[in-house]
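Heads up: the structure comes next, in structure tokens.
The values are calculated or read from the model by the stated rules, or taken from the named source; none is laboratory data. What you see is a predicted model, and the numbers here were worked out from it, not measured in a lab. When we count neighbours, we look across all protein chains shown, and the Cβ atoms used for this are built from the backbone with ideal geometry, even at glycine.
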Amino acid sequence: MGSFFSREPQHDPFDPIKDLPDLSEKVIIVTGGNSGIGFTTVQYLARKGAKVYIAGRSEARVKAAIERLHVEGLEPGNGAVEWLKLDLGDPRKVKESAEKFAARETRLDVLVNNAGVMNGQYVLNKDGIIESMVTNFISPVVFTRALLPLLTQTARQPEADVRIVWVSSIAMSQLKGREVRFRNVEDLNEKFGLHPLQPILRYAKSKLAVFLWARKLQAELDAAGTPITIVSVHPGAVWSEGVYNEPFFRLPVVGTLAAAIMSRTFLPPAIGAHPSVVATASPAVTAEKEKYTKGLLLQPAGKLGDVPAPQCNDEKLADEVWATAEALLKQWDISV
């Protein structure tokens, strides 16, 4: 998901059909792949021959997306698309989804953690944690950790090119100049006082948490000699379902006006999906792995940009994020 506070190029020379290799025999999971950027990501990958699982909560919505994919055509690669039930609102159920997938498939080449919510309202779940922090950070971490054995097994095979892709956001730039901590649940549930952009700041903090956790995981994998590549991407400011379904755009006058402007200036999902697809399958990532994994964000038009906030490079914060996630998993008895 992009940020409301960025302007992106309207043209991207990347062509998924011409610029991606054949993905036959590849197995890929795209969370939240039934709409927006995720849907287009699935479409591009399946058209190159991949077997793609759309991981989502609603069977009806995912099956409707799969029907649409077939109607619009999966040529020239004619890959397969299937549903994997995934409820990011409950970390315990997330682990079960990963286990069911591992029982169905003998390999996983790429995990695209695309799903997320922009709604940063202060609503706590049954565990007393902000729902957006659970959906955007904690549950994807559980899902990734639970799938890591299968990803690692695949990575050990000849000619394997295993990757984990995280859809991030330069909305993290909104945290510049602020003290951010991740020591405990209280830090995760930060209210940001009377700041008028509280929801955006909470969204940005959830994206920072997962960005730091992903960097920490890459360091752990590298230290263990596990050949898995982790890439974080910023899709740009995209006019997708996740944006135009926000309550703000239903407000009379101001919401309608903002929607009219953004629908004409934001990127369409067909372009917004390009960074995710490049991170998932482009040979360039394999050829220059270190460049793509050392704390940069892959952005529209294939641009590798610097991190949008100094906290993105804070090793102390990364340690806090990692430790807090581990403590929560232990508390909930989710051993992965």
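State whether one or more residues within the stretch 262-269 are at pLDDT below 90 and under 17 Å from the mean Cα position of the chain (by Cα). Yes, the conditions are met somewhere in the stretch 262-269. For the condition surrounded by fewer than 21 Cβ atoms within 10 Å (Cβ to Cβ), small (G, A, S), assigned to a helix (DSSP H, G or I) and modelled with pLDDT of 95 or more, A214 does not qualify. Selection within the stretch 300-322: residues that are without any contact (Cβ under 8 Å) to a residue 12 or more places away in the chain and in a helix (DSSP H, G or I). The member of this set that is farthest from N184 (Cα to Cα) is E315. Out of the residues in the stretch 97-117 that are buried (at least 21 other Cβ atoms within 10 Å of the Cβ) and within 21 Å of A171 (Cβ to Cβ), which is modelled with the lowest pLDDT? Once the filter is applied, the top-ranked residue is G116.
Scan the stretch 232-252 and give yes if some residue there is touching a helix residue (DSSP H, G or I) at 6+ places or on another chain (Cβ under 6 Å), more than 30 Å from A160 (Cα to Cα), modelled with pLDDT of 90 or more and in a loop (DSSP other than H, G, I, E, B), otherwise no. Looking for residues that are touching a helix residue (DSSP H, G or I) at 6+ places or on another chain (Cβ under 6 Å), more than 30 Å from A160 (Cα to Cα), modelled with pLDDT of 90 or more and in a loop (DSSP other than H, G, I, E, B), one finds none in the stretch 232-252, hence no.
For the stretch 144-175, a residue qualifies if it is in a loop (DSSP other than H, G, I, E, B) and modelled with pLDDT under 95, and the qualifying residues are P158, E159, S168, S169. The requirement of being within 17 Å of the chain's Cα centre (by Cα) and free of Cβ contacts under 8 Å to residues at least 60 places away in the same chain is satisfied by V94.
Per-residue answers, yes or no, for (1) assigned to a helix (DSSP H, G or I); (2) crowded, with 23+ Cβ neighbours inside 10 Å:
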residue	(1), (2)
I28	no, yes
G33	no, yes
T41	yes, yes
L45	yes, yes
V52	no, yes
V62	yes, yes
L69	yes, no
G89	no, no
V94	yes, yes
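With respect to V123, is the statement that it is among the hydrophobic types (A, V, I, L, M, F, W, C), buried (at least 17 other Cβ atoms within 10 Å of the Cβ) and in contact with a helix residue (DSSP H, G or I) (Cβ under 7 Å, 6 or more places away or on another chain) true? So V123 fails the test. Would you confirm whether any residue within the stretch 151-163 is of a type in the set (A, V, I, L, M, F, W, C), out of contact with any strand residue (DSSP E or B) (no Cβ under 7 Å at 6 or more places or on another chain) and farther than 26 Å from W332 by Cβ? Taking every residue of the stretch 151-163 in turn, at least one turns out to be of a type in the set (A, V, I, L, M, F, W, C), out of contact with any strand residue (DSSP E or B) (no Cβ under 7 Å at 6 or more places or on another chain) and farther than 26 Å from W332 by Cβ. N136 fulfils the conditions (1) under 13 Å from the mean Cα position of the chain (by Cα); (2) in a strand (DSSP E or B) except for a single criterion, (2).
To keep it simple, each residue is scored yes or no on (1) surrounded by 15 or more Cβ atoms within 10 Å (Cβ to Cβ); (2) not hydroxyl-bearing (S, T, Y).
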{"site": "K176", "(1), (2)": "no, yes"}
{"site": "G193", "(1), (2)": "no, yes"}
{"site": "S206", "(1), (2)": "yes, no"}
{"site": "A209", "(1), (2)": "yes, yes"}
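Here is a yes/no grid of residues against (1) over 18 Å from the mean Cα position of the chain (by Cα); (2) closer than 15 Å to V167 by Cβ:
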| position | (1), (2) |
| --- | --- |
| P275 | no, yes |
| A279 | no, yes |
| T286 | yes, no |
| T293 | no, no |
| Q299 | no, yes |
| L304 | no, no |
| D319 | yes, no |
| T324 | yes, no |
